[in-house]
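Below: one structure, written as structure tokens.
The values are calculated or read from the model by the stated rules, or taken from the named source; none is laboratory data. Everything numeric in this text was worked out from a predicted model, so none of it was measured. Positions of Cβ are generated from backbone atoms using ideal geometry, with glycine treated the same way; all protein chains shown enter the neighbour counts. Note: areas computed on protein heavy atoms with side chains; ligands, DNA, RNA excluded. Shrake-Rupley method; radii C 1.70, N 1.55, O 1.52, S 1.80 Å.
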Amino acid sequence: MRNQTISAILILIQFVCSSPAVCQFISDFENFGLLPDTYLNNSAPEPAFISGRAMFPNDYNPQFDAWLGWAISSVTDNQTPGFLNQHSSIAGSGSNGSPTYAVAYIPSGTVVSLTGAAAGQPCEGVYLTNSTYAYYSMLDGDAFAKQFGGASGNDPDYFRLTIKAWSGGLLNADTIDVYLADYRFEDNSEDYILDEWTWVDLSPLGPADSLLFVLSSTDVGVFGMNTPAYFCLDNLTTAGTASNVKDVSMPPLDVFPNPASEFITLTLPAIIQKTTLILSDANGEIIRHTPIHSATHRIDISALPPGIYFITIQTISGSRSARFIKHEP
């Protein structure tokens, strides 16, 4: 793992590189300035948390203090099992002992958009580990999920994170699978549940405008996956050429109404040259890919099945996504 000195140098490079060489941008989440053992699960008024050159979507419900997508955390409690400890990493800190990291809750997947100079460039990699909640649920079982391996220890269970890349409006075929837990070995002593930060090389995905993250598990019930749909992420390292390091902020996406059953209207403060709209489902399957030429765009969703969907706007300056829910009329 990289030490703190190297991390500081990489962060410095983001601001001082001025040649056509490739620069690194690191989403380390320290920019939120969290106090120890606190968390932030509401990105309002923005639809996403922004760190480095990446946007991590967040959907917060103030009525129930509930959230989907991403939260930012400095919680160190990696001993307490259960849902009330949902904002903690099993490592008890961020990667390399850093204080802050991101927690994903993605029962239907999530899309992380790359922005500015990072959009359209390959990603170098990312640190991943389990949340404390998911770790102990798999280790011991709970009221909703089974103990991995079963009573005998021989059940071939797994908890898998699949990562894909969107580039130029297309979902690339290349896939990276990260097993957050794997009990499929013949020798049970090799079974594991990930309990430390692990570096994952993302460069095989090639150039990316956005990254798709989807969780799957062998423990599935009538309502879907029983394993808690959480994992933790830190130090997403993206790249960009220095000549492009001009931060052009994407305007926020306004999707109304949300939820909706027949139509949604997408509103941007202004239209940017070469703007493309991508409509996708929660699994990253692209339903519609079309250029748009006005700041207000009406979309017919009446034929879509009920569920969670994503709108992504891509421009020459970057991309931004918004989540909406289709329900029955």
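Excluding ligands, DNA and RNA, what is the solvent-accessible area per residue of segment 61-171 at a probe of 1.4 Å, expressed in Å²? Mind showing how you got there, number by number?
Working: 3910 Å² over 111 residues.
It amounts to 35 Å² per residue over segment 61-171.
Give me the percent of accessible area attributable to carbon and sulfur for segment 135-226, probe 1.4 angstrom. Mind showing how you got there, number by number?
Details: 2260 of 4460 Å².
The nonpolar share, carbon plus sulfur, comes to 51 percent.
Once the piece of chain linking ASP140 and THR162 is laid out straight, how much longer is it, given 0.36 nm per residue of separation minus the C-alpha distance between them?
Working: separation 22, 0.36 × 22 = 7.92 nm, distance 2.41 nm.
Stretched out fully, the ASP140 to THR162 stretch lengthens by 5.5 nm.
Would you please give the FRET efficiency between GLN63 and SER203, computed as 1/(1 + (r/R0)^6) with r the Cβ-Cβ distance and R0 = 41 Å, to the nearest 0.05? Numbers along the way, then the final one.
Details: r = 42 Å, r/R0 = 1.03.
Efficiency, from the Cβ-Cβ distance: 0.45.
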